[in-house]
Amino acid sequence: MTRDDIMALFARRQDAMLRRDAVAMAADYAEDAVVESPWAGTVIGRAANEQAWRTLWSAFPDQVIHQEELIVDVDRAAMFATAVGTDLCGFMGLAPTGKAFPITIVVLFTFADRHIGRERRIYDFTGLLVQIGVLKAKPA
């Protein structure tokens with residue numbers, strides 16, 4: 001993929017995210033893509049990744065990832081972003097708390113055959129759970 005191809009892919013993903021279009025999000029993954037996430041674990045394949053996006057948006061229907069910086073190097077990219085949302089519908093089987101969150105995320109991508117072959121998401125999952133009230137932080 002060229003740099004322009006990768007930039008176009010990220011523009012498509014941002015548009016799909018704003019529309020909550022899991023099919024369009026999944027279309028950019030290879031059939032055997034591997035996504036590693038603190039929340040979802042290891043998700044393999046386009047269909048499984050489509051379902052993971054649906055599950056995420058069912059818990060946080062207003063969740064958006066604001067891309068802040070994108071670094072592209074041949075067949076790899078690193079995205080620095082802030083994800084924001086609100087626990088409106090319950091997360092991981094728990095009752096909704098109504099609490100909002102921002103979390104800083106870094107996502108590492110490897111591309112193969114014009115698709116995402118591997119995606120590794122890095123963020124403070126425990127911090128997210130504290131912000132939405134699922135976990136309590138111990139006072140210092």
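Bear in mind these aren't lab numbers, they're just calculated from the coordinates by the rules spelled out. Owing to the predicted nature of the structure, the values given are computational and were not obtained by experimental measurement. Virtual Cβ from ideal backbone geometry, glycine too; neighbours counted across all protein chains shown.
Observations on the model:
- CD proxy at 222 nm, helix term only [per DSSP H run n ≥ 4: -39500 (n - 2.57); per residue of the chain; nearest 500]: -9500 deg cm²/dmol
- On full extension, the segment bounded by Ala47 and Met92 gains 14.2 nm, given 0.36 nm per residue less the C-alpha separation.
- Folded to 0 to 90 degrees: helix 46-59 orientation relative to the chain principal axis, Cα: 30 degrees
- Note on Glu69 and Lys138: with the Förster distance fixed at 41 Å, the Cβ-Cβ geometry gives a FRET efficiency of about 0.80.
- At R0 = 25 Å, FRET efficiency that the Cβ-Cβ distance of Asp15 and Val130 yields, to 0.05: 0.20
- Each Cα pair under 8 Å and six or more residues apart adds its separation to the average, and for the chain the resulting relative contact order is 22 percent.
- Within the stretch 1-32: backbone nitrogen closer than 14 Å to the Asp113 label point (7 Å, Cα to C-beta): 1, 28-32
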